[in-house]
Amino acid sequence: MTAASAKAAVPDALALLKEVFGYPAFRGHQAAIIDHVVAGGDALALMPTGGGKSLCYQIPSLLRAGVGVIVSPLIALMHDQVAALRELGLRAAYINSSMNGDEAGAAERTLLAGGYDLVYVAPERLLGPRFLDLLERLRRLHGIALFAIDEAHCVSQWGHDFRPDYIQLAALAARFPGIPRIALTATADAATRAEIIDKLCLQDARQFVASFDRPNIRYHIVDKTNARQQLLRFIRDGHTGEAGIVYCQTRKKVEEVAAHLDQHGILALPYHAGMDPATRRRHQDRFLGEDGIVMVATIAFGMGIDKPDVRFVAHLDLPKSIEGYYQETGRAGRDGAPAEAWMAYGLGDALQQRRMIEDGDADPAFKRLAHARLDELLALCESATCRRQRLLAHFGESSPTCGNCDVCLDPPEIWDGTEAARMALSCVWRTQQRFGAGQVIDVLLGHETERSRQWGHDRLSTWGIGRALTAKTWRAVFRQLLALGYLEVDVAGFGALRLSPSARPLLKGEQTLSLRRPAEGRPTKEVRRSGPSDDLDTRARALFDRLRAWRADTARAHGVPAYVIFHDATLAGIAAACPRSLAQLRGIAGIGAKKLEHYGDSLLALCQAHAMEMPG
């Protein structure tokens, strides 16, 4: 079958999945979504990262008459997806600002000549009068199979990925009636989902909501002490030589952390919006195309990153919300193999996020929602119960305890913190709600400092009443009081702590409070696993390494990321089977007809050479 004849030759979605994409069966809601869109229905698909969202519009684009038009927010994502489709022998293209006038003109002429099955375009370009006219001509000449709106959460004004042009995509419904639209995202709670439906005029769309659970990801949140050293230990303890992403809040911190890791033998690259575009692009290309690179970045990096073998995502600063945390950590383990989401979190993170919300230019309603979303994230960080349960509850999903987070593997010690909390709240009150946690803790511990003497704090009734607890424990107490809503941050007072209305019953002895002991940094009880090659024996592992080296060379020759050639899971399948024929090779997941044609002989030669060198 040639790519050009795909629509005519393969009328069945499952046959197309097997023949072109090389997979034996659909997963989850994929088949139902594809059937619905092929029949002409609109859809909203919420599927976790790595859940196979792309197939939900790629296959209908091939099965329906006309061209599938995919709206994508990032140029890098378009490039990689088009490269992957071309490797499969499909007729795909992008039209975006990375192209010069001649290149864009040539792509548009090919589009109007019926030369593509799928075309990717950014919302800003699609909504221009000239491109809309081009689409009108396309509809008359060849038809438009569908409109796919990827990363649909960008329509939400409450999210940190908000793109104003996404709101204007509602115009597609009026201008192109009868053409199905499918909006897709991995990150949307109930409020964001409602906003997508409203802003994109998808009220009649069928909703497909998959589980948000990523069972292969282990969640681990530690008390921040020395974040850089903690990160270094985390990477060395199970992730040496593996690809990962480290998120920091500021550009300066990105540069410093990347340099620190590099100095300690970990190949790390910085990425932030303040870098010149050429360097930023070069670093991204290296991360996508090479194995074992750690990208240290602000949240400017990540959306649309399709690298399947990211084995960990680490946060050295607190995200803004559970949605942000879920989205960022979801970039780990897209291949379904074990991965880890690790975060170092401290009292200063919570205070800083509060200040950032209040110092922003948003209106009061937005600030109230931002505080509420931060409260949910802080509750996750301070949770004494399963992290995954609390994370999924945010998305309206119930689940049993997971057995694969730090709380499940090493449950924290819970203690009666009622008296300690009352001491802390009383001391905030006695110091006139004018100081941050550091100074209040100094008063509780009776630390003689110039500031304490200057303000007369050594004469207060709360001076030294907390000497029975350590400074570390007091920081944990204040952090939890802030997360639980007993304390607030007075941004106008330069981050001073003040009592919230809910503190009164606790101060008056009308309620009790259980708190978590600060973690001592003990390792989790279960040995970490790395990836798809974990279950291979020594002989197969040697072939797997050989196949990865071949893949790297092939990817460089083609100018595409390594995973566009084959995912690690496919290479592991080849290594385990060591096939001797094209028929045996064809039976491995991830090898479709075109890839078998392109690479089958090379793969068999590698397997044969390996078998001869390592007989038995």
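Only the coordinates and a few stated rules stand behind these numbers; no lab work does. None of these values were measured; they are calculated from a predicted model. For neighbour counting, all protein chains shown are included, and Cβ atoms are generated from backbone atoms with ideal geometry for every residue, glycine included.
Distance from the Cα centroid of region 134-178 to that of region 329-372 is 29 Å (rounded to whole angstrom). Applying 1/(1 + (r/R0)^6) with r as the Cβ-Cβ distance of ASP262 and ASP35 and R0 = 45 angstrom yields a FRET efficiency of 0.35. Per-residue 3J(HN,Hα) values for region 420-430, derived from phi via the Karplus relation 6.51 cos²θ - 1.76 cosθ + 1.60 with θ = phi - 60°, read 4, 4, 5, 4, 4, 5, 4, 5, 4, 5, 5 Hz in sequence order (x marks Gly and Pro). Straight-line reach from LYS18: taking Cα to Cα under 20 Å and skipping same-chain neighbours fewer than 8 places apart, the lysines in range are LYS7, LYS53, LYS594, LYS595.
Compute the signed sum of charges (Lys and Arg +1, Asp and Glu -1) over the other residues within less than 11 Å, Cβ to Cβ, of GLY336. So the surrounding residues net to 0.
Starting from the Cα of THR470, step 7 Å toward the Cβ, then list every residue of region 185-225 with an amide N under 15 Å from that point. Taking a point 7 Å out along Cα→Cβ of THR470, the residues of region 185-225 whose backbone N falls under 15 Å are 223-225. Applying the Karplus relation 6.51 cos²θ - 1.76 cosθ + 1.60 with θ = phi - 60° to region 392-402 yields 3J(HN,Hα) values of 5, 4, 4, 9, x, 10, 9, 7, x, 4, 8 Hz, where x marks Gly and Pro. Quick check: the distance between the Cα centres of region 24-42 and region 264-289, to the nearest angstrom? Cα centroid of region 24-42 versus Cα centroid of region 264-289: 37 Å apart. Between TRP415 and ASN100, the modelled label-to-label distance comes to 6.9 nm, taking each label 7 Å out from Cα in the direction of the beta carbon. Dividing the radius of gyration of the alpha carbons in region 353-456 by their Kirkwood radius gives 1.09 for Rg/Rh. If only the Cβ of Lys and Arg carry +1 and only the Cβ of Asp and Glu carry -1, the dipole of the chain around its Cα centre is close to 340 debye. Note on the chain: antiparallel DSSP beta bridges, both residues inside, total approximately 10 percent of the bridges counted. In the chain the longest region clear of chymotrypsin sites (Phe, Trp or Tyr not before Pro) that are loop-assigned by DSSP and have at most 16 other C-beta atoms within 10 Å covers 163-493. Taking max minus min of the alpha-carbon positions on each principal axis, the chain gives extents of 86, 65, 45 Å, largest first.
A cut-off of 5 Å between modelled amide H atoms, ignoring neighbours fewer than 5 places along the same chain, links LEU487 with LEU482, SER500.
Put simply, the C-alpha atoms of region 538-613 give a gyration tensor, and the ellipsoid matching it has half-axes of 18, 14, 11 Å, longest first. ALA273 sits among other residues whose Cβ lies under 9 Å from its own Cβ, and their net charge, with Lys and Arg +1 and Asp and Glu -1, is +2. Take the chain and mark each of the trypsin sites (Lys or Arg not before Pro) that is in a DSSP loop with at most 11 other Cβ atoms within 10 Å; the longest unmarked stretch, sites excluded, is 1-466. If you plug the beta carbon distance of ALA65 and SER502 into 1/(1 + (r/R0)^6) with R0 = 60 Å, you get a FRET efficiency near 0.50. Dividing the summed -39500 (n - 2.57) terms of all DSSP H runs of n ≥ 4 by the residue count of the chain sets its mean residue ellipticity at 222 nm at -13000 deg cm²/dmol. Each residue of region 311-320 was assigned a 3J(HN,Hα) from its phi angle through the Karplus curve 6.51 cos²θ - 1.76 cosθ + 1.60 (θ = phi - 60°); the sequence is 8, 7, 10, 10, 10, 9, 9, 6, x, 8 Hz, with glycine and proline shown as x.
Projected area of region 198-276, taken from the Cα convex hull and averaged over every viewing direction, in nm²? Averaged projected hull area, Cα only: 9.2 nm². Taking 0.36 nm per residue of separation and subtracting the current Cα-Cα distance, fully stretching the chain between GLU136 and ARG206 would add 22.6 nm.
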